[in-house]
Amino acid sequence: MRSRITRLTTLILGSGLAVALCGSALADQPYRQYAPKPEGGYSSNPHVSQDHTKTYPHWKDRAALDPERVASEALQWTTNWKFMDPPFDDSLHGGHLALDRGAELFAELNGSDNRFARCLGASDGNLKGLRANHYPHFNTELGKVVNLEMMIEHCAAQQGATLAHGSYDNSALSVYVASHSNGMPIRIDVTQGELKAAFERGQERFHLRTGRMNMACGTCHVTLVGERLRGQALTTHYGDVAHWPTYRTKDELQSLHVRFTECNRNGGTQPLKPGAQPYVDIEVFLTALSNDYPVAVPSARD
């Protein structure tokens, strides 16, 4: 009898300890809030036509954008009007100057042996399609998922040059490389491997609320899409990455990650360094949502 009581006491105490440890582990986990995802969530094999706002028919063909819809303050958001390149603004802007600077830098770094192009992933030195269907990707040498600007910094450093991710020259070189993919559809495969993991993390982080305003990327681009914030219409995040880096009319050339830092600051969240894994994950997520949408640089936007 005493033996049975001893075993029962041990079991009860052990169970209590397990519950206490479990509760302690849960207490150690940070509390998270998320902005709602689109109805039905995201496809595991995303495509730009799956845009949750159902506005894709209005902006899938840039040459056929309805000028009246573009000019309408109430309807402009349905055209996904995130750039001002041809046919609506074919004048010279800072993006064209960046393209010229990028060409100059590329010539300096590439040399006669195509060493810079080969480092970026163009084995034959031809940059065509590199932006459209090679980036972001998992780099086996570096052991992580990288975007184009990260590799520009890395490949420049191999030659003793400093082209920090987020700097003007890095973004200008990115515009130049991307220009060789103009008109080509973006295509990355996020159905397997490291890109799948990055896509799933990026999806979570896109909807994670942070900062003093408790906002997520999805707050603007899902919950409030179509509304106006700080004078700008909030548009869908589908198809968004096709024109980055872009020239901002406030006189700044921005990479996508620099734009992420700006969004963080506006929402009261501590920005990360361009190239940080959470930013790379979000870029993978957004790039996959742009699958089959054509690259268009140089671009300009407000």
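Values quoted throughout were computed directly from the atomic coordinates according to the rules given, and no laboratory measurement underlies them. Just so it is clear, the model here is predicted, and its values are computed rather than measured. All Cβ positions, even for glycine, are placed from backbone atoms using ideal geometry, and neighbour counts span all protein chains on display.
Miscellaneous remarks
- Label-point separation in nm, GLN159 to LYS128, each point 7 Å along Cα→Cβ: 2.3 nm
- Taking a straight line from the alpha carbon of LYS54, these lysines sit under 23 Å away, with near neighbours fewer than eight places off in the same chain left out: LYS37, LYS82.
- Residue exposure proxy: TRP59, TRP244, TRP81, ordered by other Cβ atoms within 10 angstrom of their Cβ from fewest to most, comes out as TRP81, TRP59, TRP244.
- Amide H to amide H, with H built 1.01 Å from N, TYR34 comes under 5 Å of ARG209, counting only residues 5 or more places away or on other chains.
- Local electrostatic count at GLN270 - Lys and Arg +1, Asp and Glu -1, tallied over other residues with Cβ under 15 Å: +4
- Residues in region 246-288 that a label on ARG32 would reach, taking backbone N under 15 Å of a point 7 Å out along Cα→Cβ: 278-279, 281-282
- Cross-link pairs exceeding 18 Å between alpha carbons, from the set LYS60/LYS250; LYS144/LYS196; LYS60/LYS196: LYS60/LYS250; LYS60/LYS196.
- Along principal axes, Cα extents of region 74-194, largest first, whole Å: 49, 37, 25
- Fluctuation leader among TYR238, TYR168, TYR135 - the chain, Gaussian network, Cα springs under 10 angstrom: TYR168
- Ellipticity at 222 nm from helices only: DSSP H runs of n ≥ 4 in the chain, each -39500 (n - 2.57), divided by the residue count, give -12500 deg cm²/dmol.
- For the chain, relative contact order (Cα pairs under 8 Å, six or more residues apart, normalised by length) works out to 25 percent.
- Expressed in units of 2.2 N^0.38 Å, where N is the residue count, the Cα radius of gyration of region 176-263 is 1.24.
- For GluC sites (Glu not before Pro), the sites in region 35-75 that DSSP calls loop and that have at most 12 other Cβ atoms within 10 Å are GLU39, GLU73.
- On the principal axes of its alpha-carbon atoms, region 48-301 has extents of 53, 38, 32 Å, going from largest to smallest.
- Among ALA63, ALA98, ALA178, residue whose mean-square fluctuation peaks in a GNM of the chain (springs only between Cα atoms under 10 Å): ALA63
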